[in-house]
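Let me begin by presenting the structure, written as C-alpha cells, before commenting on it.
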Amino acid sequence: MSTRILGIETSCDETAAAVVEDGRQILSNVVASQVDLHAQYGGVFPEVASRVHIETIHPVIHEALSKAHVSFDDLHAIAVTRGPGLVGSLLVGLNVAKGLALGRELPLLGINHLEGHIYSLWLTEDLPEIEFPVLTLVVSGGHTELVLMTNRLTYERLGGTIDDAAGEAFDKVGRLLGLPYPGGPHMEKAAAEGDPHSYNFPRAWLEGSWDFSFSGLKTAVLREIKRQFPSHRAGIDETPSGLPVPNLSASFQQAAVEVLIEKAVQAAEQHEAKSVFIAGGVSANTALRNALRKRAGELPVFSPPLDLCTDNAAMIASAGFYRFESGQRDGMDIDALPSWLL
Ligand code: KG4
Ligand code: ZN
C-alpha cells in the first residue's frame, strides 16, 4: 500500500502545500509565491510574509488536495517545516499543520527545511540508487551549508557561511546593479551576456575550514561601482546608467561559483563521498551546475529539477515520508526552530 504525505512549507516567502506518495511521486505541488509583493521592499518583509501566509495557507492546502485527487482520509501524515526560517512565517504553517493533524487524527512530523532541500533530489525521476556518504551543498537565500549525509536521515555538518548566504549575496549584488528582486535569476541572465574575467573579485577560501564568506565579494562589487561612479550613493541614488551590469554579474557569479564548487569537491574527496548533491534556490544556476559537474569529474553530481530548487512543499513531504517510515511521530507541543541546522 502506498503512503501519502501532505507537506506544508511556510518558512520564508512561499506559501506551499503538496501531496507526495512514497516519498518520490508528486501528486500535487502548489506554491503561492510572495515574490512580487516583497520586490517593492527589495527583500522579504517578515511581518508582511506571515500575514500573507495566514491568508493563503488554507486555499493552498485545499488546492494541493484537490489537484492530487485526495481527501484528508487518503493521507497518512502531515509533514511541516519547523525551521530554519522566519519565526512568524514558520508559526503559521506549524499551527495550521497541528490543527489539521489534531482534527483529522493524522500523525504530525516536524521537518528541517534544509533536509527538505536535500530530499528534493529524491523527487528526481531518474535518480539512481544512492550510496552513502553523500556530500551535500545546500545553497539558498538563507543558507550555504556543506553537510555530509552519512545515511538516509543522518547528517554531519561540515561548515556554512559565516556571513551572507550565497543567494543573499546574489540578491544584494543584484540590487546594487539595479536588477529586480530576487537578484539570483536576473544576475544569471545578465551574466550570460558578460565576460567572467572582466573583474577579478576576491575569493574567500577560508583555508582549513569548510566555512564560506560572501560579504567581502559583495563589498568588492560595491567598491568597483564606486570606482567607476565616484559620486554614486548606493541605496540612495538610482543605479548609474552605463554600469557594465553583464560583466559585473558574470565576474561576481564566477567568483561565487568557484568557491562553492571547489570547497564542495574538496570536502567530498576528503570524506570519500560517493556522490555530490546540490540543492536550494541557487542550485537552479546553470553556470554553477555545469562548473560543479566539470570540476567533480568522475564523481557523480545530482541536482533537483529546476522547479524544485526553490522553496516548495513536495520536498518537505518527501523528507516527511522517510521520517514517517523511520518511526518519527511528533507531539502537538513542537515549537518552531528559526535557527535549526542539520
Ligand atoms: O531555496 P530558496 O527558494 O529559499 C530559501 O530557502 O532561502 O532560495 C532562494 C534564493 C534567492 O536568493 C534567489 O536569488 C536564489 O535562490 N536563486 C538563484 C537562482 N535562482 C534562485 N541564484 C542564482 N542563480 C539562479 N538561477
Ligand atoms: Zn529554501
Practice task
Filter the DSSP H helices in the chain by two things, a Kyte-Doolittle mean of at least 0.5 and an axial alpha-carbon span of 18 angstrom or more, and list the hits by number.
Solution key: 87-104
Problem - Percent antiparallel among DSSP beta bridges (both partners in the chain, rounded to 5) - result: 60 percent
Handout entry: Label-point separation in nm, V48 to E125, each point 7 Å along Cα→Cβ
Key = 3.8 nm
Problem - Antiparallel DSSP beta bridges within region 130-303, percent to nearest 5 - result: 60 percent
Exercise for the section: Kindly rank 213-222, 192-201, 248-257, 125-134 from highest to lowest mean number of other beta carbons found within 10 Å of each residue. Expected result: 248-257, 213-222, 192-201, 125-134
Handout entry: Helix-derived mean residue ellipticity, 222 nm - over the chain, DSSP H n ≥ 4, -39500 (n - 2.57), to 500
Key = -12500 deg cm²/dmol
Problem - Dipole magnitude of the chain about its Cα centre (Cβ charges: Lys, Arg +1; Asp, Glu -1), debye to nearest 20 - result: 560 debye
Exercise for the section: Kindly identify region 116-160 as rounded, prolate or oblate by the Cα gyration tensor criterion: order the square roots of the eigenvalues as a ≥ b ≥ c, call it rounded if a/c is under 1.5, otherwise compare a/b with b/c, prolate if a/b is larger, else oblate. Expected result: oblate
Handout entry: Sequence ranges 162-168, 151-157, ranked by mean other-Cβ count within 10 angstrom, highest first
Key = 162-168, 151-157
Fill in the blank from the handout: Net charge near L91 (other residues with Cβ under 11 Å of its Cβ; Lys, Arg +1; Asp, Glu -1) is +1
Exercise for the section: Counting only C-alpha contacts under 8 Å and six or more residues apart, can you give the relative contact order of the chain as a whole percent? Expected result: 26 percent
Handout entry: Farthest positive-ward along the chain dipole, Cα basis, beta-carbon charges - from T219, H271, G23
Key = T219
Handout entry: Charge sum, other residues only, whose C-beta stays under 12 Å from T150's C-beta, Lys/Arg counted +1 and Asp/Glu -1
Key = 0
Handout entry: Most mobile listed residue (A39, A191, A49) in the chain, GNM with C-alpha springs under 10 Å
Key = A39
Fill in the blank from the handout: Of the residues Q40, L148, V70, the Cα lying farthest along the dipole of the chain towards its positive end, which is defined by charges on the beta carbon of Lys, Arg, Asp and Glu, belongs to Q40
Exercise for the section: Determine the gain in length on full extension of the stretch H69-T219; use 0.36 nm per residue of separation and subtract their C-alpha separation, reporting nm with one decimal. Expected result: 49.0 nm
Completion exercise
Check: C-alpha center region 307-342 vs C-alpha center region 156-204, spacing in Å is 28 Å
Completion exercise
Among W210, I111, H197, the residue whose Cα sits farthest towards the positive end of the charge dipole of the chain (+1 at Cβ of Lys and Arg, -1 at Cβ of Asp and Glu, taken about the Cα centre) is H197
Handout entry: Cross-link pairs K189/K218; K274/K294; K172/K263 - those with Cα-Cα distance over 20 Å
Key = K172/K263
Handout entry: Potential extension, A287-E238 segment - 0.36 nm per residue separation minus Cα distance
Key = 14.8 nm
Completion exercise
Yeah, region 171-311 with a ≥ b ≥ c from its alpha-carbon gyration tensor (a/c under 1.5 is rounded, else prolate when a/b outruns b/c, oblate otherwise) is prolate
Problem - Positive minus negative residues near D311 (Lys, Arg vs Asp, Glu; Cβ under 10 Å) - result: -3
Problem - Cα gyration tensor category, rounded, prolate or oblate, for region 62-210 with a/c compared to 1.5 - result: prolate
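Just so you know, all these numbers are worked out from the coordinates, no wet-lab data involved. None of these values were measured; they are calculated from a predicted model. Heads up, the Cβs are rebuilt from the backbone with ideal geometry, glycines too, and the neighbour counts pull from every protein chain shown.
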